[in-house]
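To keep things clear, I will list the structure first and then write my remarks on it.
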């Protein structure tokens with residue numbers, strides 16, 4: 001069974017699923033851009049920290065000993081969080097785009113016809129008639 005939900009505002013009809021998908025897609029794309037900027041800023045901080053190890057505590061808030069050298073493992077470590085956030089928001093933007101493009105909600109209810117034998121069909125009819133007699137009404 002397919003349903004299309006409409007929202008009526010000021011005499012105009014809006015497809016509710018597409019409207020929600022558009023808002024979510026816009027918000028998630030903005031968040032993905034913000035996370036991409038965070039990746040860029042963190043990468044620049046990592047480059048600066050390799051050039052000026054004395055600024056590590058200022059850049060990242062780490063309280064390390066004075067002769068600390070920023071290694072490639074440290075670069076990967078500080079980039080993991082912003083990269084994960086970027087991929088998360090990008091994935092949600094893709095899901096929102098799928099919701100926007102779907103255009104309909106599919107309920108998990110299906111009607112289907114099943115072939116049953118004549119014997120079972122007669123039993124069902126007799127059960128219906130018995131139930132109708134019990135309730136005092138006759139249904140077919």
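The values are calculated or read from the model by the stated rules, or taken from the named source; none is laboratory data. If you're wondering where the values come from, they're calculated on a predicted model, not measured in any experiment. With ideal geometry, Cβ positions are generated from the backbone for all residues, glycine too; neighbour counts draw on all protein chains shown.
Scanning region 42-70 for residues that are touching a helix residue (DSSP H, G or I) at 6+ places or on another chain (Cβ under 8 Å) and within 28 Å of residue 89 (Cα to Cα) returns 42, 43, 45, 46, 48, 49, 59, 60, 62. Of the helices (runs of 4 or more DSSP H) that lie entirely inside region 22-140, those containing 1 or more residues that are surrounded by 14 or more Cβ atoms within 10 Å (Cβ to Cβ) and modelled with pLDDT of 80 or more span 56-60, 72-102.
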